[in-house]
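> Take this structure first; my questions come after.
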Amino acid sequence: MPKRILRGVVVSDKADKTITVLVKRKVMHPIYKKYINKTKKYSVHDEANKFKVGENVSIQENKPISKTKKWIVI
């Protein structure tokens, strides 16, 4: 099964080897048939600490690295 790839914006880089990525997506409301913006934050493993706040990144699903980190930067 292929690993999921998402695109988002880095919103925090304070933790060591970890960044927080905000992913936005549009989903259609099942009753009103209007598009709604949904956002979710992911904790992402960044081994080299090279990504800063405001950068666009692609993240890929990975085996669990810690309790909350299950994604890596590609």
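The values are calculated or read from the model by the stated rules, or taken from the named source; none is laboratory data. These numbers were taken from a predicted model, which means no experiment stands behind them. Calculation scope for accessible area: heavy atoms of the full protein, side chains included, ligands and nucleic acids excluded. Shrake-Rupley method; radii C 1.70, N 1.55, O 1.52, S 1.80 Å.
> Roughly speaking, what is the stretch gain from Asn56 to Lys24, that is 0.36 nm per residue apart minus the C-alpha to C-alpha distance, in nm to one decimal?
Values: separation 32, 0.36 × 32 = 11.52 nm, distance 1.18 nm.
So the chain would gain 10.3 nm between Asn56 and Lys24.
> Within the chain, what whole-number % of the accessible surface is contributed by carbon and sulfur, with the 1.4 Å probe and all protein chains included in the calculation?
Working: 3130 of 5750 Å².
The value for the chain is 54 percent carbon and sulfur by accessible area.
> Which value in Å does the Kirkwood hydrodynamic radius of the chain take, with 1/r averaged over all unlike C-alpha pairs and then inverted?
Details: mean 1/r = 0.0763 Å⁻¹.
Result for the chain stands at 13.1 Å.
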